[in-house]
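Written out below as structure tokens is the structure these notes cover.
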Amino acid sequence: IMNAQKHFKFIVKKEPKNCKALVSLASTYSQQQDFENSFKYINAALRIDPKYRDGYVLKGTNYLHMNVKDNVELAISSYETAVQQDPKFFEAYLMLGSLYQAKKDTLCLEYYTTAARLQPKNMDVLYSLAYAYQEYNNINRAKSIYRKMIDIDTTYSQALFQLGWIKQWME
């Protein structure tokens, strides 16, 4: 991390308006739990380019790693801004789905559904969507997605397990 930090500092010194280098430098501070410096470089990048998606993503990640009670809402706001900047950034939809699901908010289904539209064969996305439907007692929809997953990959054991679990405990 220290070597990367030194490298990015060198780049930022030579190219002070390089948003990618600024956010990469911010990331090295995040990895060291130095969120003050991380936000400093993220905000510098966002002042240069207010539409720089990765700045908002790292901001959201920082908020989550800081383990402060109210920061989940700030993280959600940051990830939502990231998808506004890049509507095809499925990872942010997946993260938003996870954050809303943790809050027991059915809005997670919309985010997971959007992620699944963007990457219809991504097993992590499909599993998250199916499990959320299962959690909200839409068993038929959950089973349908689990079966789709098995059609894509017959060895995907988590989908098979969930279908068995539904059969034993929910039907």
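The values are calculated or read from the model by the stated rules, or taken from the named source; none is laboratory data. Not measured: the values here are computed from a predicted model. Reconstructed Cβ throughout: ideal geometry from the backbone, glycine too, with neighbour counts over all protein chains shown. Side chains included, ligands, DNA and RNA excluded: accessible areas come from the protein's heavy atoms. Shrake-Rupley method; radii C 1.70, N 1.55, O 1.52, S 1.80 Å.
Just so you know, the averaged projected area of the alpha carbon convex hull for the chain sits at 11.3 nm².
Rounded to the nearest 0.05, what FRET efficiency is calculated for residue 10 and residue 113 with R0 set to 35 Å and r the Cβ-Cβ distance? Provide the component values of the computation, followed by the final result.
On the way: r = 43 Å, r/R0 = 1.24.
So the FRET efficiency works out to roughly 0.20.
Using equal-weight Cα scatterers in the Debye expression, the normalised intensity of segment 29-112 in log10 at q = 0.19, 0.22 Å⁻¹ is -0.81, -1.03. Note that segment 12-121 presents 55 Å² accessible area per residue, ligands and nucleic acids not counted, probe 1.4 Å.
The distance from the alpha carbon centre of segment 91-143 to that of segment 11-54 is 31 Å, rounded to a whole number. Using 0.36 nm per residue and subtracting the Cα-Cα separation, the extra length available between residue 136 and residue 65 on full extension is 22.8 nm. When the helices of the chain are scored as -39500 (n - 2.57) per DSSP H run of n ≥ 4 and the total is divided over every residue, the value at 222 nm lands at -25000 deg cm²/dmol.
Using the Kirkwood radius over C-alpha pairs as Rh, can you work out the diffusion coefficient of segment 78-140 via Stokes-Einstein at 4 °C, viscosity 1.567 mPa s, in µm² per second? It would help to have the intermediate numbers written out before the result.
Working: Rh = 11.4 Å.
Stokes-Einstein gives a translational diffusion coefficient of 113 µm²/s.
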